[in-house]
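The structure appears right after this line, and notes come after that.
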There are 2 protein chains.
Amino acid sequence: MSNMNKPPLVIIHPLVLISVVDHYNRIISKTQQPRVVGALLGERKADGVIDITNSYALPFEEDPKDQNIWYLDHIYNETLFELHRKININEKIVGWYSTGSRFKPNDIQINQIFYKYTTTPIFVIIDVHQFDPLSLPTEAYTSVDEISKSGEIVQNFVHIPSTVQAFEPEEIGVEQLLREINNVDTQSLSAKAEQK
Amino acid sequence: MSNMNKPPLVIIHPLVLISVVDHYNRIISKTQQPRVVGALLGERKADGVIDITNSYALPFEEDPKDQNIWYLDHIYNETLFELHRKININEKIVGWYSTGSRFKPNDIQINQIFYKYTTTPIFVIIDVHQFDPLSLPTEAYTSVDEISKSGEIVQNFVHIPSTVQAFEPEEIGVEQLLREINNVDTQSLSAKAEQK
């Protein structure tokens, strides 16, 4: 792809972040897997901005000793996307996510798979261990063709501006949820439940 | 089922509520459908408490003039559950949800479908328009057999105590997210994005 297709901004919606943290916590607690990977769904708007509104986990394995050995279940991806389309025809596959804090050597290879589903796959790295409120826990990238010193075409990731933002109904939902969670005193959980 | 199987408490996790609100907002804004319906996934713990940790939307249609005419795509449900099991083998189908504020006449019929997947299906009504922070926007039910005046066995819903609660990592995630969302000033969105 050329740099012309590079989106000016990627907007990541709250549901995506919560789903990814959830996916990570459930998988990592039960396996030796160092990271989790999944598909990102959303829409490219007329101004080129990409809204990432949904996601799902993908079966993914890699050899910790040799990252050239990895497996992503693309049949699973295609089946789940077909099902998802029946619920929401407007959301397309716009790219993929991985938990972590920096690139892995095989990320550019994994990214290749997503050219099958979208013209400009977005790769979002989500740092589930990053709790600094002044810094967003996500970084977005897309890949570009570059000419190496030896004259070969190689693919590299380039950074894209990204932000976490909710549509108004989502924002109300998240705010309300936080109040609810803070209201729940785990010590008196059953007592509260009785009151209902 | 007998009342013996009635769980003492249903715990609904944040991801479920955010997903359902999201499902509702996306479907309702684009169709004439009055409500949305989906599957609830989770685990029954040793003490009988049910943790509802995940959910997905289901294709559902009903005739607004005759609620005996409705369609829920159970093949879709079974296919999506099989895919979900590949990611998380511990989460089972524990019941279903509907948006709304009260029962519909066909709910007890829809509930029957879920006996195929679990011994005690839980039905959760989620009031997406309820924004009173002192009252949880969810009510949980299960069905019991009762003897009618004419001596017939009829199924009715009975209320189960429920609460919204997060595991610690989820809570940190939701709190962080709220800070992020509050930090985003939509007026200066592109300026903020440039700074990254």
- line: B:Ile108 passes all but one of the listed conditions (1) within 9 Å of chain A (Cβ to nearest Cβ); (2) in a helix (DSSP H, G or I); the exception is number (1)
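Criterion first (within 20 Å of B:Tyr76 (Cα to Cα) and of a type in the set (Asp, Glu)) does B:Glu43 satisfy it?
For B:Glu43, the condition - within 20 Å of B:Tyr76 (Cα to Cα) and of a type in the set (Asp, Glu) - is not met.
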- request: Taking the residues in segment A:78-90 that are within 28 Å of A:Phe157 (Cα to Cα) and at the interface with chain B (Cβ under 8 Å from one of its Cβ atoms) as candidates, determine which candidate is nearest to the chain's Cα centre (by Cα).
  value: A:Leu80
- line: Scanning segment B:62-85 for residues that are of a type in the set (D, E, K, R) and within 17 Å of A:Glu82 (Cα to Cα) gives B:Asp73, B:Glu78, B:Glu82
- line: Note: among A:Val20, A:Val36, just one is out of contact with any helix residue (DSSP H, G or I) (no Cβ under 6 Å at 6 or more places or on another chain), surrounded by 13 or more Cβ atoms within 10 Å (Cβ to Cβ) and within 11 Å of another protein chain (Cβ to nearest Cβ), namely A:Val20
- line: Of the residues in segment B:92-139 that are of a type in the set (Ser, Thr, Tyr) and modelled with pLDDT under 90, the one that is farthest from the chain's Cα centre (by Cα) is B:Ser135
Pairs with Cβ under 7 Å, 6+ apart, first in segment A:67-95 and farther than 14 Å from A:Pro121 by Cβ, second surrounded by 18 or more Cβ atoms within 10 Å (Cβ to Cβ) and small (Gly, Ala, Ser): A:Ile87/B:Ala57; A:Glu91/A:Gly42
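The values are calculated or read from the model by the stated rules, or taken from the named source; none is laboratory data. Because the structure is predicted, anything quoted here is derived from the model rather than measured. For neighbour counting, all protein chains shown are included, and Cβ atoms are generated from backbone atoms with ideal geometry for every residue, glycine included.
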